[in-house]
Amino acid sequence: MISTSAVKASHNSLPSTRTMKEILSQFAAYNIWANQKLFDVIVALPEEKQLQELPSSFKNLYATMLHMWDAESVWWQRLKLQERTLAPSENFKGTTKDIAHSLLQQNHQWQEWVSSATDPMLDHVFQYYNSKKECFKQPIFQMILHVFNHGTYHRGQLVNMLRQLGIEKIPPTDFSVWSRKK
């Protein structure tokens with residue numbers, strides 16, 4: 001099992017020791033920054049481009065962003081030990097801009113939680129059920145790493161979809177770009 005004890009990391013080319021909390025704090029801030037960069041481009045597009053069907057895991061930009069919000073929200077509810085999780089998409093009727101706003105709010109909740117977490121909180125093994133009603137147990141820090149990694153995966157899809165739409169001005173959202181700007 002991976003521990004939250006010191007993890008080797010590099011920051012500004014100087015090797016240093018970072019705790020899991022410090023790493024998660026960086027990923028939380030990066031997640032907000034990267035989402036904001038892409039969402040600014042997406043919400044500025046005409047609605048027909050936001051909803052245009054494209055080959056990807058989800059049919060359009062709107063659906064991909066809605067999935068990202070669903071995933072972060074469901075993981076948040078699991079963290080909070082809610083018995084029944086509710087995906088926002090189950091009742092959502094808003095715009096792409098509404099999704100962007102709500103997902104960024106969710107991103108900030110993760111950031112706030114991580115900033116107040118202790119090592120025992122991050123190491124705590126919690127139990128949850130997936131959408132197939134299968135039971136799993138894992139440390140909270142692993143679940144949070146998954147949440148941030150999931151966002152990175154789908155941002156890559158959003159970039160690909162934007163390129164398919166002919167959008168040429170797409171901001172770079174690599175972690176290295178974010179870390180150089182700190």
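Points worth noting:
- Consider the range 68-119 and keep the residues that are among the small types (Gly, Ala, Ser) and farther than 26 Å from Ser56 by Cβ. The one that is nearest to the chain's Cα centre (by Cα) is Ser115.
- Top-ranked residue of the range 107-127 - restricted to ones that are touching a residue at least 60 places away in the same chain (Cβ under 8 Å) and of a type in the set (Asp, Glu), ranked as surrounded by the most Cβ atoms within 10 Å (Cβ to Cβ): Asp123
- Here is the figure for the range 128-158: residues that are free of Cβ contacts under 8 Å to residues at least 12 places away in the same chain and either farther than 24 Å from Gln109 by Cβ or touching a His at 6+ places or on another chain (Cβ under 7 Å) (or both) total 4.
- Per-region count, the range 138-165, residues under 26 Å from Val125 (Cα atoms) and part of a helix (DSSP H, G or I): 14
- Considering residues of the range 128-176 that are in contact with a Phe, Trp or Tyr (Cβ under 9 Å, 6 or more places away or on another chain) and among the β-branched types (Val, Ile, Thr) only, the residue surrounded by the fewest Cβ atoms within 10 Å (Cβ to Cβ): Thr152
- Put simply, of Lys37, Lys21, Lys59 the only residue that is of a type in the set (Lys, Arg), closer than 20 Å to Tyr153 by Cα, open to solvent by 30 Å² or more (accessible area, probe 1.4 Å) and in a helix (DSSP H, G or I) is Lys37.
- Of the criteria (1) touching a residue at least 60 places away in the same chain (Cβ under 8 Å); (2) over 20 Å from the mean Cα position of the chain (by Cα); (3) more than 23 Å from Phe27 (Cα to Cα), which one Met161 fails: (2)
- Just one of the numbered conditions (1) surrounded by 12 or more Cβ atoms within 10 Å (Cβ to Cβ); (2) under 22 Å from the mean Cα position of the chain (by Cα); (3) at pLDDT below 95; (4) not charged (D, E, K, R) is not true of Tyr30: (3).
- Conditions (1) in contact (Cβ under 8 Å) with a residue 60 or more places away in the chain; (2) open to solvent by 40 Å² or more (accessible area, probe 1.4 Å): number failed by Ile42: (2)
- Scope the range 88-101; condition in contact (Cβ under 8 Å) with a residue 12 or more places away in the chain and farther than 18 Å from Glu47 by Cα; matching residues: Pro88, Ser89
The values are calculated or read from the model by the stated rules, or taken from the named source; none is laboratory data. Just so we're clear, the structure is a prediction, and the values are computed from it rather than from any experiment. Please note: Cβ atoms are built from the backbone with ideal geometry, for glycine as well, and neighbour counts cover all protein chains shown. Accessible surface areas use protein heavy atoms only, side chains included; no ligands, DNA or RNA. Shrake-Rupley method; radii C 1.70, N 1.55, O 1.52, S 1.80 Å.
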